[in-house]
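One structure is given below, encoded as structure tokens.
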Amino acid sequence: MTTFRGRLATGAVLALTLAAAACGGSGSGSGSGSGGKPIVGLITKTDTNPFFVKMKEGAQQAAAQQGVDLQTFAGKQDGDNEAQVQAIENLISAGAKGFLITPSDSKAIVPSIDKARQAGLLVIALDTPTDPANAVDATFATDNYQAGKLIGEWAKAKFAKENKQAKIAMLDLNANGVSVDVKRDQGFLEGFGIDVKDNTKIGDESDPRIAGHDVTNGAEDGGRTAMENLLQKDPTINLVYTINEPAAAGAYQALKSAGKDKTVTIVSIDGGCPGVDNVAKGVIGATSMQFPLKMASLGVESIAKFAKDGTKPTATGGKDFVDTGVQLITDQPQTGVDAKDSSWGKQNCWG
């Protein structure tokens, strides 16, 4: 998952430039890296988030297989648009064939992407769409609506099997209504069978099964605070949706402190290794796994193909992006809901 976060000091921008040079670029305007290989860029929000670390791993593997020279860049923190702008300038100057980017600011980065595409580079967004989405040649991402729907369907089947009436806490991202937040939230509710009214908005439902919404900023401490707030509002909560697995971990701590950890079911989205461990421990009932390594490896393959014959990637049928897949992970399988267990999850998780 995913999220969206300043500015980078001059020294840090210089460090990015030096890092790019160390990756094998052969200089301004050359169009090729070491050994005459086509240059492909990877620009992530940070280089510390396990999701982006796995992306870089996938890009490196694919670059070796495709015979391209990978140059990688990252901001100092999430939201560092200036570092991403500088990275694009570096890649244009180096004559890169294209680059992959997880936009830190989906709108602010668009002028730089426009400049790169006008210079002939293929640009692929990974995980986070640009705004507008067609500012790039393609987007490779998780279907976040489907990820939410899977955990909603699983929870619906579990509660029906146990003949329990749900009282649901919705632990979302923030108040900005970003697409990943809305799609996961609305997908879960629709999967559970709740009328969401306007599926582009969070919180306009009138279903009495929803105890309330709160925000977590996708962090463990935020998840704990949000869960505490909602428990005060309605102590009968027995099902908790969380935007991601760190928020789920925080929610669990609040439930444990309230003596409710054995009676409340938590569902989440991400597929990080700590989250899969929490599925195995019973902290999380089910999570939807996304595949950052696959996003990046397919992206590098696409730019390598573009460098070879000018072919551009096409969206998955019926969607406006390339769907890189999602898999439900649970040790409590439910009839009619496809899932893999936590052992499979451990073999395929990230972080």
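Look at segment 258-270: where a residue is at positive phi and a partner is at pLDDT below 95 and in a loop (DSSP other than H, G, I, E, B), sitting 6+ places away or on another chain with Cβ atoms under 8 Å, you get ASP270/MET1; ASP270/THR2.
Quick grid of which residues meet (1) over 19 Å from ALA147 (Cβ atoms); (2) in contact with an Asp or Glu (Cβ under 9 Å, 6 or more places away or on another chain):
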{"position": "GLY191", "(1), (2)": "no, yes"}
{"position": "VAL196", "(1), (2)": "no, yes"}
{"position": "ASN199", "(1), (2)": "no, yes"}
{"position": "PRO208", "(1), (2)": "yes, no"}
{"position": "LEU231", "(1), (2)": "yes, no"}
{"position": "VAL240", "(1), (2)": "no, no"}
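Scanning segment 173-189 for residues that are surrounded by fewer than 24 Cβ atoms within 10 Å (Cβ to Cβ) and in contact with a helix residue (DSSP H, G or I) (Cβ under 6 Å, 6 or more places away or on another chain) gives a single hit, LYS183.
Does segment 223-245 include one or more residues that are farther than 18 Å from ILE284 by Cβ and modelled with pLDDT under 95? Within segment 223-245 (the criterion being farther than 18 Å from ILE284 by Cβ and modelled with pLDDT under 95), the answer is no, since none of the residues qualifies.
Summed over segment 84-101, the residues that are over 13 Å from LEU42 (Cβ atoms) and aliphatic (A, V, I, L, M) give a count of 3.
If you go through segment 283-303 and keep only what is part of a helix (DSSP H, G or I), farther than 15 Å from CYS273 by Cβ and open to solvent by less than 10 Å² (accessible area, probe 1.4 Å), you end up with MET295, ALA296, GLY299, VAL300, ILE303. Residues that are over 15 Å from ALA169 (Cα atoms) and within 22 Å of the chain's Cα centre (by Cα) were ranked within segment 150-159; the one that is least open to solvent (accessible area, probe 1.4 Å) is TRP154.
Within segment 321-351, the residues that satisfy the criterion of being closer than 29 Å to THR130 by Cβ, in a loop (DSSP other than H, G, I, E, B) and of a type in the set (A, V, I, L, M, F, W, C) are PHE321, VAL326, CYS349. Screening segment 201-244 for residues that are farther than 19 Å from ALA258 by Cβ and of a type in the set (D, E, K, R) and picking the one that is surrounded by the most Cβ atoms within 10 Å (Cβ to Cβ) gives GLU205. Per the listing THR311, THR324, the residue uniquely open to solvent by 50 Å² or more (accessible area, probe 1.4 Å), β-branched (Val, Ile, Thr) and either within 18 Å of LEU100 (Cα to Cα) or within 19 Å of the chain's Cα centre (by Cα) (or both) is THR311.
Every residue in segment 199-232 that is of a type in the set (S, T, N, Q) and within 23 Å of ASN278 (Cα to Cα), please. Walk me through it before giving the result.
Step one: of segment 199-232, the residues of a type in the set (S, T, N, Q) are 199-200, 206, 216-217, 225, 229, 232.
THR216, ASN217, THR225, ASN229 - these are the residues of segment 199-232 that are of a type in the set (S, T, N, Q) and within 23 Å of ASN278 (Cα to Cα).
Taking segment 111-133 as the search range and keeping residues that are open to solvent by 20 Å² or more (accessible area, probe 1.4 Å) and touching an Asp or Glu at 6+ places or on another chain (Cβ under 8 Å), which one is modelled with the lowest pLDDT?
Let us first name the residues in segment 111-133 that are open to solvent by 20 Å² or more (accessible area, probe 1.4 Å), namely 111, 114-115, 117-120, 129, 131-133.
Checking the rest, the ones that are also touching an Asp or Glu at 6+ places or on another chain (Cβ under 8 Å) come to 117, 133.
Details: ARG117: 98, ALA133: 94.
Step by step, filter segment 111-133, then rank; the result is ALA133.
Here is the figure for segment 96-149: residues that are of a type in the set (Lys, Arg), under 18 Å from the mean Cα position of the chain (by Cα) and part of a loop (DSSP other than H, G, I, E, B) total 1.
Of everything listed in (1) at pLDDT 95 or above; (2) closer than 14 Å to PRO103 by Cα, the single unmet condition for ALA59 is (2). Going by the structure shown, is ALA64 small (Gly, Ala, Ser), at pLDDT 90 or above and open to solvent by 60 Å² or more (accessible area, probe 1.4 Å)? Judged against the criteria, ALA64 is a match.
Do we find that LYS156 is among the charged types (D, E, K, R) and assigned to a loop (DSSP other than H, G, I, E, B) in this structure? For LYS156, the condition - among the charged types (D, E, K, R) and assigned to a loop (DSSP other than H, G, I, E, B) - is not met.
Given the criterion closer than 21 Å to LEU173 by Cα and modelled with pLDDT of 95 or more, identify the matching residue among GLN77, GLN146. Even if it seems obvious, please write down each step before you answer.
Values: GLN77 fails: modelled with pLDDT of 95 or more.
After ruling out the rest, the residue left standing is GLN146.
Taking the criterion of being more than 23 Å from VAL68 (Cβ to Cβ) and open to solvent by less than 10 Å² (accessible area, probe 1.4 Å), the residues of segment 80-108 that qualify are ASP80, SER104.
The values are calculated or read from the model by the stated rules, or taken from the named source; none is laboratory data. It should be emphasised that the depicted structure is a prediction, and the values quoted were computed from it without experimental measurement. Because the Cβ atoms are built from the backbone with ideal geometry, glycine has one as well, and the counts that use them run over all protein chains shown. Note: areas computed on protein heavy atoms with side chains; ligands, DNA, RNA excluded. Shrake-Rupley method; radii C 1.70, N 1.55, O 1.52, S 1.80 Å.
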